[in-house]
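Visitor: Here it is, the structure, as structure tokens.
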Amino acid sequence: MSALVQRLRAARTELLSLAGLRLLPLSVAVFFLRARGRARRRRDRFSLDSAARPSELATLLALAEGRSAVVELGTGTGWTAAAFALAAVDRRVISYDPTVRPQRAGYLRLAATAADRVELRALPDHLGPGPHDPPAQLLFIDSSHEREATVLAFRAWRPALAPGAVVVFHDYGHPDYPGVAEAVTELGLSGRVEGGLFVWRA
């Protein structure tokens, strides 16, 4: 494949991704554009490659509507946690990730005061919630993507789910992360697939 064809395909993928911005609340779309610009300027390929796409974010935020207690497993550089906080002024987000990425603080600053409602915990997700945490109304699993680790994380958090809670697995069906679908099968969960997300309701 020629370099030109590769660049054209990359540009098309980029345009399709950015088209999803219209589905997002304005504050989240602005944050996403600013975060993406910062990542490009700093050549932060990890954030550009790993962050949820606008269409996925739109689905996540729709599922989170009316839910004030959100838990994310796998913070990465904080784009999704910031989006959850920006989308609802009464929402608290607790995000777990034992790997603290130095870029994270800069991206969270782009979320302004919404970042004050994001609590980062440099802890493994299989430890489950803290003793005084509220029941999780939405649990977003986007951490190791390995089958065994995903199963352990879900089992650790299942008792901490609020009635009617939603659990969302990221990268379901992704060819590079077969462990996510394998974990869902092992857990015997019945739900629906929306793009690269598997959605299960408690």
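Visitor: Within the stretch 36-84, which residues are in a strand (DSSP E or B) and either modelled with pLDDT under 95 or within 14 Å of the chain's Cα centre (by Cα) (or both)?
Guide: V70, V71, E72, L73, listed by residue number.
Visitor: Please go through (1) closer than 24 Å to A82 by Cα; (2) assigned to a strand (DSSP E or B) for L123 and return the number of the only condition it doesn't satisfy.
Guide: Every condition holds for L123 apart from (2).
Visitor: Tell me whether the stretch 165-180 contains one or more residues that are within 25 Å of V28 (Cα to Cα), touching a residue at least 40 places away in the same chain (Cβ under 8 Å), of a type outside the set (A, V, I, L, M) and in contact with a Leu (Cβ under 9 Å, 6 or more places away or on another chain).
Guide: So far as the stretch 165-180 goes, yes, one or more of its residues are within 25 Å of V28 (Cα to Cα), touching a residue at least 40 places away in the same chain (Cβ under 8 Å), of a type outside the set (A, V, I, L, M) and in contact with a Leu (Cβ under 9 Å, 6 or more places away or on another chain).
Visitor: Is it the case that V89 is within 21 Å of G130 (Cβ to Cβ) and out of contact with any Cys (no Cβ under 8 Å at 6 or more places or on another chain)?
Guide: Working: within 21 Å of G130 (Cβ to Cβ): no; out of contact with any Cys (no Cβ under 8 Å at 6 or more places or on another chain): yes.
Judged against the criteria, V89 is not a match.
Visitor: Which ones in the stretch 51-71 are farther than 20 Å from D133 by Cβ and polar (S, T, N, Q)?
Guide: If the condition is that a residue be farther than 20 Å from D133 by Cβ and polar (S, T, N, Q), then S55, T59 are the ones that fit.
Visitor: Only one of (1) more than 19 Å from R91 (Cα to Cα); (2) surrounded by fewer than 16 Cβ atoms within 10 Å (Cβ to Cβ) fails for E119. Which number is that?
Guide: So the condition that E119 fails would be (1).
Visitor: Moving on to the next point. Can you give me the number of residues within the stretch 85-112 that are in a helix (DSSP H, G or I) and under 19 Å from R38 (Cα atoms)?
Guide: Residues of the stretch 85-112 that are in a helix (DSSP H, G or I), as a first pass: 85-87, 104-109, 112.
From what is left, the residues that are under 19 Å from R38 (Cα atoms) are 86, 104-109, 112.
Summing the residues that are in a helix (DSSP H, G or I) and under 19 Å from R38 (Cα atoms) in the stretch 85-112 gives 8.
Visitor: Moving on. Can you find a residue in the stretch 62-69 that is surrounded by 23 or more Cβ atoms within 10 Å (Cβ to Cβ) and among the hydroxyl-bearing types (S, T, Y)?
Guide: Our first condition is that a residue be surrounded by 23 or more Cβ atoms within 10 Å (Cβ to Cβ); within the stretch 62-69, this holds for none.
Scanning the stretch 62-69 turns up no residue that is surrounded by 23 or more Cβ atoms within 10 Å (Cβ to Cβ) and among the hydroxyl-bearing types (S, T, Y).
Visitor: Go through the stretch 183-200 and report how many residues are crowded, with 18+ Cβ neighbours inside 10 Å, touching a strand residue (DSSP E or B) at 6+ places or on another chain (Cβ under 7 Å) and under 15 Å from L152 (Cβ atoms).
Guide: Total satisfying the criteria: 1.
The values are calculated or read from the model by the stated rules, or taken from the named source; none is laboratory data. Nothing here was measured: the structure is a model prediction, and the numbers come from that model. No Cβ is skipped: glycine too gets one built from the backbone with ideal geometry, and neighbour counts run over all protein chains shown.
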